[in-house]
Amino acid sequence: MNAIPICCFTRATPNAIIFHILQFLIELHLEVDSIKMDEEPERAKRWEGGYERTWEILKEDESGSLKATVEEILFQAKRKRVFESHGQVRLGMMRHLYVVIDTSRTMEDQDLKPNRLTSTLKLVEYFVEEYFDQNPISQVGIITTKNKRAEKLTDLAGNPKKHIDALKKAKDSTCGGEPSLYNSLSLAMQTLKHMPGHSSREVLIIFSSLTTCDPANIYELVKTLKALKIRVSVIGLSAEVRVCTVLTRETGGSYHVILDESHFRELLMFHVKPPPATSSSECSLIRMGFPQHTIASISDQDAKPSFSQAHLDSTSGGPGLSMGGYFCPQCQAKYTELPVECKVCGLTLVSAPHLARSFHHLFPLEAFQESPLLLHHTERFCEACQGELKDKSVFTCPSCNSVFCVECDLFIHDTLHCCPSCIHSRSAP
Amino acid sequence: MKLNIEGLLVYFPYDYIYPEQYSYMLELKRTLDAKGHGVLEMPSGTGKTISLLSLIVAYQREYPLEVTKLIYCSRTVPEIEKVVEELRKLMEFYSKETGEKNNILALALSSRKNLCVHPEVSSLRFGKEVDGKCHSLTASYIRAQRHSNPSLPSCRFYEEFDAMGKQVPLPAGVYNLDDLKDFGRRKGWCPYYLARYSILHANIIVYSYHYLLDPKIADLVSKELSKKSVVVFDEAHNIDNVCIDSMSVNITRRTLDRSQANVETLQNTILKIKETDAAKLKEEYRRLVEGLKEANVARETDIYMSNPVLPDEILQEAVPGSIRTAEHFVGFMKRFLEYLKARLRIHHVVQESAPQFLKDIFEKVCIDRKPLRFCAERLRSLLRTLEIADIADFSAITLISNFATLVSTYSKGFTIIIEPFEDRTPTIANPVLHFSCMDPSIAIKPVFERFQSVIITSGTLSPLDIYPRILDFRPVTVASFTMTLARTCLCPLVVGRGNDQVAMTSKFETREDFAVIRNYGNLLLEMSAIVPDGIVAFFTSYTYMENIVASWYEQGILENVQRNKLIFIETPDAAETSMALEKYQEACENGRGAILLSVARGKVSEGIDFVHHFGRAVIMFGVPYVYTQSRILKARLEYLRDQFQIRENDFLTFDAMRHAAQCVGRAIRGKTDYGLMIFADKRYARADKRGKLPRWIQEHLTDGSLNLTIDETVQLSKHFLRQMAHSIHDISNCNVQCFCQLNLSQEDQLGLSLLTLEQLQSEDMLQKIAQIAHQA
């Protein structure tokens, strides 16, 4: 079924060919897997799709080996840190974000595998999970745009499950026509403009097409967005488009164009972290409820299973009746999941750990200093995992001078948000 | 910053400098030191203008006796204004740094249309009308008449200037066109005459090519400029065509008819004057006997278009007796006109040289060579004597007399071609007499001879050795500079085949081929899907574009393209084209995306810049060879071969490649810009074509980007566009205002393509700089 198209690459160096064969074999392996999974016959003919110069990023070292560059690439991939710390600034912790996904004709392009749409939806799914993990008191909504129209896939809500379900469903939808920036932005604006002033209003557009079909002058809309302090960021899948440049520059967002899938992921993850709040945004005290999870004891004779308020309007079924739950301290409405906004009295219900998790954005852990391994004579083992330091660089915590390996450095900064060695030394005496 | 360029202190008004600018100044300085001419090629957007200005101004200040004047010639009015603004920046920097007031006078000069402040005259729309109207108000004899009859209309600005302006020189400073107008309004002086008068003592003059190259204008405006001037021709890649156009004359039947009418008017006027004021004609006769030398001391306002480069020895001679009296001259002109009319009544193409023509005219109507030579001068004198105000009416007869003078003065370098009809419409008789100049060096020769340094510079002058040959001068420096880039922001690709492996070319034999047209269409379609915002596509000619677009329409390609982008087309009509351009830019601006189909050698390819999103890709369909069947071109090629030993093919390729380079160069207008350059013809891959592209494009044209298929092109372009978008935006947060609206961060370019003073002084950087200049 598969043939290696070596003949096409006669201009390539022998190393490039070897690399290509390797890559081919890996892909073949992957393909077998994926065919098993979702039976996509056209994917077997990958070489017909495009002429890719994967070898161009590779460089031979003096002895003609590729090993060094491959290692370098892997190392760099690990090291890349999109989370540049802002230092001590006010951040918009309560975020209201609309993700606009372009589902126009261009999303069928196969330069992301298997195609742009599937790849994007998968990444957005991951993004939504990560987003709620890092910003528990924020909300997200999803808009899709195609055929010159924009439609809401999900409303602004704080429940990741709903979004992920919708995204999974969207995979089967067809792509077609042109996207409309104007329509999607105005749809997002209609909801966002009613959000309270202390929260951050954001739109993230994943834009694959190079054109947009607008019913009116988009620059007028950009002015309105700017006045409403809605921040629009764009991730382009193909190339830099002027209107997006202006849009993001005016509204204070960021504009990036992806290089490949892993870069796409990085760029998406960049938006997980809350943006710095604009100095003009309101400061206000917010009423919040911290309900406790209570379960009516079996011994209680009066206890009856009851519906959660959140399930009243959902048609998805699920466990409608339950014995326990979170009860709103103000009106006693019952919910099974937090965080949520009370349907009855509008109080924001969160749990204390949620707030605490959002807290680390304000005091980010300082970046560790990178230094070559050769300079380190004292420590040969990583402070955290106790493994031997083998990579060519090590990382030193600036406050306690402990040494870490790359993996632990990443884990500490991305997940733990505090230096284990510092905590250890603090609690010891 | 202050630079030390081989011992010369140069003030440079920016904090950073590109290495190639430094190198450029170095070469320029050497040229000035040697008091010779130079040919310098540097890509657009690298700050050519400011380098030129700052070095030459520094030179002027350092050696005021060596270089007294800078004459900066540019092509269009906006370009002239841009140069003056740069100059203003430089002067401000000077006065800030040195703390003293500058005494340099710099000004721009343009036509009356752009400078007139007279309320009625300036409201006229066409340049010719403004000139004619102005002339009817300010000519010397009109003003003389006014002494006797004060009711005649006058221009108060001119009168005021004439009375007061000449005693007080224009105060030092930098004057753009608008500044001159303001100054004129404030003082009540005519800005045009003020500027024309002031160029004699100005230190820097910025004006159009024509003031120096067109003999009719140069004679009036630039004749008295000092020998110790430095002349700069910017954007000079077309300078040979400008020279040729300024010397060529086309005569149609309409011209002859109008001349006929002119002659009759002249005759009547002579008769009238004879009755009233015979002494006047006698006086003229006396003057003509004495020779033209004194007659030539004309009043500045009497600009009868006249006198294409008359050699000095002729001016010293007296006008021959046969045309000395007015009636005889009119009779002479009549005979000449009749002869021309007879020549135009032909049914086949005639081509002959100037001596052949003179022999024929002598045999047929007994007109000698000598009186013909004086024709232009004699007519000028007559018109002055007869006090005819509106010169615009007499343009036809002036043209004929110019032709007479030229044809009898030059035996070499010109050819006469009489065509009974146009090639496209062989059934409609429309005889034209082309008196075409084949040697650009004739027009530019006085410039090279008179001025001590002439600098020819542009973004595209490759191959450099051909300009000195066709303009017939010996330069002391010939250099090409490349662009040092922090990132590779241009991506030239040569597409040679379609996906079906059929060769793509606009070669004459295959240009009608269905497969070629389809492949060109596919290329456009594919590119329209991956290139954001604007694409500019160039065809080799209007007819070729029409054919291709028609057949794309039939094949449904246009419909598919329109799904991605809107399509706009350049037409020969200027108004239509500017409308299309406007809409094109609007479509690029608001994200719809657009394609502009235009023609190499057209208006778009020469004067319009497509910065940033207005031109993310340029596609050049075919090699823009000039129409080789034209007789004028054939004659010129023959002449080039015989006189300059330039082979026909060499010249044609050179000409085609400089236009191709001009076209693709439209997309890159600076270091922060980026764009694809797609050459869609397999012939570009050949060494003889490729070698004639400018060095800064050639550098990026690797073997890997030659002879690609459409698919490969798409893949490479996608990669390029993503990379470019990436590098801009990772650093887009910086808001440092630096060089030329730079929005790349300085740190990225610093040390690489942007230098501070300290970096410039380091040893290895100087070595690097030495390599930038490529001595041809």
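We did not get these values from a lab; they are worked out from the coordinates using the rules stated. Predicted model, so just to flag it, every value in this text is computed and none were measured. Methodologically, a virtual Cβ is constructed for each residue, glycine included, from the backbone with ideal geometry; neighbour enumeration extends over all protein chains shown.
Structural remarks
- Debye intensity ratio in log₁₀ form over the Cα atoms of chain B, taken at each q of 0.06, 0.07 Å⁻¹: -0.43, -0.58
- Calculated SAXS-style log₁₀ I(q)/I(0) at q = 0.19, 0.21 Å⁻¹ - the stretch B:483-605, Debye, Cα scatterers: -1.15, -1.33
- Mean ellipticity per residue at 222 nm, deg cm²/dmol - from DSSP H runs of n ≥ 4 across chain B, formula -39500 (n - 2.57): -15000 deg cm²/dmol
- Alpha carbon Rg of the stretch B:128-213, scaled by the compact-globule rule 2.2 N^0.38 Å: 1.19
- Once the convex hull of all Cα atoms in the stretch A:81-209 is built, its volume per residue stands at 114 Å³.
- The GluC sites (Glu not before Pro) of the stretch B:381-482 that meet both conditions, a loop assignment by DSSP and at most 14 other Cβ atoms within 10 Å of the site Cβ, are B:E422.
- Counting every C-alpha pair in the stretch B:165-226, the share spaced more than 15 angstrom apart comes to 51%.
- Counting charges near B:I646 (Lys, Arg +1; Asp, Glu -1) among other residues having Cβ under 15 Å from its Cβ returns a value of -3.
- Pairwise label distance in nanometres, B:V289 with A:M323, each label 7 Å out on the Cα-Cβ vector: 13.9
- Distance between the stretch B:438-495 and the stretch A:227-275 - C-alpha centres, whole angstrom: 44
- Per residue Cα convex hull volume in Å³ - calculated over the stretch B:659-730: 94
- Available extension along the chain between B:Q555 and B:V502 is 17.3 nm, counting 0.36 nm per residue and deducting the alpha carbon span.
- Near-label residues of the stretch B:613-647 by backbone N, under 16 Å of a point 7 Å along Cα→Cβ of B:S353: B:635-645
- Average partner coverage of B:559-568, which counts Cβ from other chains inside 10 Å: 1
- For the stretch B:591-598, Karplus couplings with θ = phi - 60° (6.51, -1.76, 1.60), whole Hz, Gly/Pro x: x, 6, x, 8, 10, 10, 8, 9
- Given R0 = 45 Å, the distance between the Cβ atoms of B:L9 and B:R186 translates into a calculated FRET efficiency of 0.80.
- Two-site FRET efficiency, B:F421 against B:K634, from Cβ-Cβ distance with R₀ of 22 Å, rounded to 0.05: 0.80
- Local electrostatic count, B:S605, Cβ distance below 15 Å [Lys/Arg +1, Asp/Glu -1]: +1
- Cut-off under 5 Å, modelled amide H: who pairs with A:K148 long-range: A:E178, A:S180
- Each listed q (0.08, 0.15, 0.16, 0.20 Å⁻¹) maps to a log10 I(q)/I(0) for the stretch B:573-710, found by the Debye formula over equal Cα scatterers with no solvent: -0.26, -0.84, -0.93, -1.23.
- Equivalent-ellipsoid semi-axes for the stretch B:577-627 (Cα gyration tensor, √(5λ), whole Å, largest first): 21, 12, 9.
- Listed pairs B:K187/B:K227; A:K223/B:K671; A:K122/A:K273 exceeding 24 Å between Cα atoms: B:K187/B:K227; A:K223/B:K671
- Per residue of A:230-240, other chain Cβ atoms within 10 Å of the residue Cβ number 4 on average.
- Three semi-axes of the equivalent ellipsoid, the stretch B:396-469, Cα gyration tensor, whole Å, largest first: 32, 20, 11
- In the distance distribution for the stretch B:93-151, Cα-Cα pairs more than 17 Å apart total 60 percent.
- With 0.36 nm allotted per residue and the present C-alpha distance subtracted, the B:E512-B:E62 stretch has 155.8 nm of extension available.
- For the stretch B:133-141, Karplus couplings with θ = phi - 60° (6.51, -1.76, 1.60), whole Hz, Gly/Pro x: 5, 4, 5, 5, 9, 10, 4, 4, 6
- Dividing the mean sequence gap of close Cα pairs (under 8 Å, 6+ apart) by how many residues the stretch B:55-161 holds gives a relative contact order of 14 percent.
- Short-range pairs are left out: with C-alpha atoms under 8 Å and at least six residues apart, the relative contact order of chain B is 17 percent.
- Peptide-level mean, for B:584-594, of C-beta atoms on other protein chains within 10 Å: 5
- Placing R0 at 41 angstrom, the Cβ-Cβ distance between B:D257 and B:S226 gives a FRET efficiency of 0.40 after rounding to 0.05.
- Positive minus negative residues near A:G236 (Lys, Arg vs Asp, Glu; Cβ under 10 Å): -1
- For the pair B:K445 and B:N149, label points projected 7 Å from Cα toward Cβ lie 4.6 nm apart.
- The stretch A:331-411, relative contact order in percent, only Cα pairs under 8 angstrom and at least six apart counted: 20
- Lysine pairs meeting the criterion (Cα under 20 Å, 8 or more apart or interchain), as found in the stretch B:80-161: 4
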